[in-house]
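Worksheet: the structure to be examined is printed underneath.
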């Protein structure tokens with residue numbers, strides 16, 4: 001660590017013939033590794049001697065303090081030699097304070113948070129020697145600006161109420177190669193002590209994603225908050241330059257059970273069937289088959305245009321569809337399908353979605369919530385919903401899910 005310039009010390013009155021100790025030469029300031037030799041103002045007694053010192057005794061040198069911030073993403077560390085630290089204050093240009101704590105018998109101080117990229121900090125450190133002399137010095141340093149900034153998208157949205165199957169999900173704009181460093185900064189709090197785990201998956205979009213889910217579905221009434229203290233964290237391909245917060249509540253215990261072999265859908269609330277609907281699923285024997293396993297209702301999109309070309313099915317259809325409820329990113333929905341009325345409750349003849357009559361779809365659309373799990377079974381399906389294709393984490397065993405954490 002290299003010394004930096006400080007204000008000249010306040011000089012005490014000395015007996016004739018006494019000389020002040022010489023000052024060592026100081027090398028140039030380093031960009032991100034700094035040191036301060038404390039020779040600032042000292043407390044003095046009325047007789048000109050340092051407070052608490054014996055008359056005629058030689059004046060002890062002040063403590064030497066060094067300030068180190070190796071780079072953005074590292075904590076600021078202040079150390080003292082020849083004394084102890086009594087107060088440390090680290091402030092950025094916006095007035096934000098880096099809080100920290102003293103250790104090693106008062107000879108060191110470490111910030112709780114990391115130094116941020118592209119930020120100028122001013123450090124004010126006060127120290128005291130064994131004979132009671134106090135000195136204060138100030139210094140500043142600037143961390144380099146980030147070349148790339150990583151951002152993220154959170155789900156569910158803040159202050160929303162969701163069904164019992166919705167995970168806490170984070171999608172990152174840039175790849176995350178330092179997953180453990182990022183995951184350490186993600187703190188989940190629940191109102192009832194629900195235990196869960198983060199799991200890293202590849203989103204259907206190809207981006208990195210991390211989800212937090214309990215072992216079983218959420219308990220109704222659970223309140224969940226996320227503190228993502230990512231500001232100053234390097235994701236490996238870009239820095240985070242802000243913290244994130246979100247919170248949501250869990251609503252009623254609703255599960256949608258879809259039996260594609262029986263061609264029916266049952267809405268259960270608190271374990272009891274409240275509605276049974278005849279449906280038609282994906283056509284067997286090809287790419288139009290439906291997915292099976294647990295999918296989670298991602299969004300209630302209402303009336304939308306569905307175009308088969310967007311899901312790789314050529315020009316099979318291009319139509320406006322009512323009461324559309326998205327189940328996967330790959331394009332599986334539950335929705336009204338009056339053109340398939342002859343097959344409801346009898347056969348699977350859709351292009352992969354779960355279709356029902358207009359009347360049933362309207363009632364069902366009003367009853368379900370984003371986050372409600374759809375448990376789908378059927379022999380003529382094309383496989384289980386993948387964890388990144390919507391919210392398919394429930395198709396993975398609890399032990400396998402925990403193994404997807406970067407901190408395991």
Which residues among region 339-363 fall inside the zone where the amide N is under 19 Å from a point 7 Å beyond the Cα of residue 274, along Cα→Cβ? 359-363
Restricting to the chain, compute how many DSSP beta bridges are antiparallel as a %, nearest 5. 85
Overall dimensions of region 254-395 as given by Cα atoms, namely Rg and Dmax in Å: 13.5, 42
Give the calculated FRET efficiency between residue 207 and residue 397 to the nearest 0.05, with a Förster radius of 25 Å applied to their Cβ-Cβ distance. 0.50
Obtain the nm distance between the two label points defined at residue 322 and residue 259 by a simple spin-label model: each point lies 7 Å from its Cα along the Cα-to-C-beta direction. 2.9
Overall dimensions of region 276-327 as given by Cα atoms, namely Rg and Dmax in Å: 12.3, 33
The chain: relative contact order in percent, alpha carbon pairs under 8 Å with at least 6 residues between: 13
To the nearest 10 degrees, how steeply does helix 358-367 sit against the main Cα axis of the chain, on a 0 to 90 scale? 30
Proxy exposure order for 166, 189, 263 (fewest C-beta within 10 Å first) is 189, 263, 166
Over region 140-249, what portion of Cα pair distances is larger than 18 Å, expressed as a whole percent? 50
Between residue 159 and residue 195, 0.36 nm times their residue separation minus their Cα-Cα distance comes to what? 10.9 nm
Starting from 0.36 nm per residue, how many nanometres of slack lie between residue 407 and residue 138 once their C-alpha separation is accounted for? 93.0 nm
Contour minus Cα-Cα distance for residue 223 and residue 342 (0.36 nm per residue): 38.5 nm
Using only the Cα atoms of region 215-266, what semi-axes does the equivalent ellipsoid have when each is the square root of 5 times a gyration tensor eigenvalue? Give whole Å, largest first. 38, 17, 8
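Run the helix sum for the chain: -39,500 (n - 2.57) per DSSP H stretch of 4+ residues, divided by residue count, reported at 222 nm to the nearest 500 deg cm²/dmol. Mind dumping the intermediate values first?
Working: 3 runs with 20 residues, N = 408.
It comes out at -1000 deg cm²/dmol, rounded to the nearest 500.
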Sorted largest first, the Cα spans of the chain on the principal axes come out in Å as 113, 41, 33
Candidates 357, 397, 111, ranked by Gaussian network fluctuation over the chain, Cα under 10 Å, top entry: 397
Between 234, 360, 372, which gets the highest mean-square fluctuation from a Gaussian network model of the chain, Cα cutoff 10 Å? 360
Of the residues 286, 392, 355, which exhibits the maximal mean-square fluctuation in a Gaussian network model of the chain defined by a 10 Å Cα contact cut-off? 286
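Taken together, the values in this text are just the output of simple stated rules run on the coordinates, not laboratory data. This structure is a prediction, so every number in the text was calculated from the model and none was measured. FYI the Cβ positions are ideal-geometry reconstructions off the backbone, even for glycines, and counts take in every protein chain you see.
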